[in-house]
């Protein structure tokens, strides 16, 4: 099996109406999947995919961001931090300084493979492992939030 690389966007969201701030993660609820990946349909995943030949994990993560969120500003490896690696996947956290409703709407309009979803610690805690493309993704989010 080929090694796959993923990116989860994280940062602090300030609610415009209530003026409270809390950590969130932008994830990809997989929709519009080809037959090969139909088992992932409707599940929560991160942005990413397979590494190309000769590509480093960081190069792959940045390429996947450009492919799956083509209208997003040019991603920078300075914002990437590896937060998980196992025999199947490598996951990077991409820290965003300011998360607001405008950024969410931009991400949602750029996403090529599904729906951009926002998760906070309470939503992650109430989800089941099988709701994720890889069950370990829930554990990764729990580590990020706690």
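Taken together, the values in this text are just the output of simple stated rules run on the coordinates, not laboratory data. None of these values were measured; they are calculated from a predicted model. Cβ placement follows ideal geometry from the backbone for every residue including glycine, while neighbour counts extend to all protein chains displayed.
Return the FRET efficiency for the residue pair residue 118, residue 77: r is the Cβ-Cβ distance, R0 is 30 Å, and the value is rounded to the nearest 0.05.
Details: r = 24 Å, r/R0 = 0.80.
For R0 = 30 Å, the calculated efficiency reads 0.80.
Which order do the peptides 125-133, 91-99 take when ranked by the mean count of other beta-carbon atoms within 10 Å per residue, highest first?
Details: 125-133: 13.4, 91-99: 18.3.
Ranking the peptides 125-133, 91-99 by packing returns 91-99, 125-133.
Among the DSSP beta bridges whose two residues both lie in the chain, what percent are antiparallel, rounded to the nearest 5?
Working: 23 of 32 bridges.
Just about 70 percent of them are antiparallel.
If only Cα atoms are counted, what is the Rg of the stretch 57-146, and what is its Dmax, in Å?
13.5, 36
For a quick protection proxy, order the peptides 53-65, 69-81 by their average other-Cβ count within 10 Å, most packed first.
Result, highest mean Cβ count within 10 Å first: 53-65, 69-81.
Take peptides 109-116, 35-42 and line them up by average Cβ neighbours within 10 Å, highest first, as a rough protection proxy. Each step should come with its number before you reach the end.
Details: 109-116: 16.6, 35-42: 11.4.
Answer by packing, highest mean first, reads 109-116, 35-42.
Note the per residue figure in Å³ for the convex hull of the C-alpha positions in the stretch 1-137. Mind dumping the intermediate values first?
Working: hull volume 15.6 nm³, N = 137.
Cα convex hull per residue, to the nearest whole number: 114 Å³.
Once fully extended, how much extra length lies between residue 142 and residue 36, figured as 0.36 nm per residue of separation less the alpha-carbon to alpha-carbon distance?
On the way: separation 106, 0.36 × 106 = 38.16 nm, distance 2.88 nm.
Separation in residues times 0.36 nm, less the Cα-Cα distance, equals 35.3 nm.
For the pair residue 125 and residue 88, how long in nm is the line joining their label points, each one 7 Å along Cα→Cβ?
So the label points at residue 125 and residue 88 sit 2.7 nm apart.
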